[in-house]
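Worksheet: the structure to be examined is printed underneath.
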Amino acid sequence: MVSMIDLFLSKANGKVKIILDSNIWVSFAIGKHLEKLKDVLYNHDYDIYVCEEIIFEVNDVLKRSKFKNT
């Protein structure tokens, strides 16, 4: 795993449930080198969960002026 990923892991029905912190989504969205995260996102052995609060926070952060040109 990428060391900066704050993961909550638990096994259920043979899959790993993962909740990613909003900082990880922002880093991924602006093109940081998170190749291992891409592997996790496309791996069908994992279930990725996200809540409305994280979506709103990521959208809010990406609207900030320092992210406009990335």
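The values are calculated or read from the model by the stated rules, or taken from the named source; none is laboratory data. Keep in mind that this is a model prediction, so the values were computed, not measured. All Cβ positions, glycine included, derive from the backbone under ideal geometry; neighbour counts span all protein chains shown. We work out accessible area using only protein heavy atoms, side chains counted, and drop any ligands, DNA or RNA first. Shrake-Rupley method; radii C 1.70, N 1.55, O 1.52, S 1.80 Å.
Among the residues of segment 13-34, those that are loosely packed, with under 12 Cβ neighbours inside 10 Å and either within 13 Å of the chain's Cα centre (by Cα) or in contact (Cβ under 8 Å) with a residue 24 or more places away in the chain (or both) comprise 14, 31, 33. Exactly one residue out of 9, 37, 62 is at pLDDT below 80 and either under 12 Å from the mean Cα position of the chain (by Cα) or open to solvent by 50 Å² or more (accessible area, probe 1.4 Å) (or both), and it is 9.
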